[in-house]
1. Tell me the net charge near Leu44. Cut-off is 11 Å between Cβ atoms, Leu44 excluded, with +1 for each Lys or Arg and -1 for each Asp or Glu.
2. So if R0 is 30 Å, what FRET efficiency would Met1 and Val43 give, r being the distance between their Cβ atoms, rounded to the nearest 0.05?
Amino acid sequence: MVDLWRHNWLGSISIKETLNLRVHDIANLNAKVECLIEDSEIVLPAQLADLIEAAGFNVNNVVKGDDLEEDTFIWCPKPSGTAPSAREVRFSRN
């Protein structure tokens, strides 16, 4: 499942990184992106929508796949050239 705060589902970095949130700032925030999807659309509470917009993200840029498509892993290389950790894996649908 994709973590709303810690995964980079809106762009190249996470909401946590964009807003410079510390681990303890979001320690009790465990929402998953899947909980925001209704009828294949992302539905955001007003306060979260404002926060995402203020951070410079746009949910309309999120790629939404057909639920029947096969999931695949995409490994995003680090600028240093090292392999990413398992926590940095992104899912994609072909």
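Just so it is clear, none of the values below were taken in a lab; they were calculated from the coordinates. Because the structure is predicted, anything quoted here is derived from the model rather than measured. When we count neighbours, we look across all protein chains shown, and the Cβ atoms used for this are built from the backbone with ideal geometry, even at glycine.
1. On the way: positive: none; negative: Glu38, Glu41, Asp50, Glu53.
Residues close to Leu44 contribute a combined charge of -4.
2. Details: r = 17 Å, r/R0 = 0.57.
Calculated value: 0.95.
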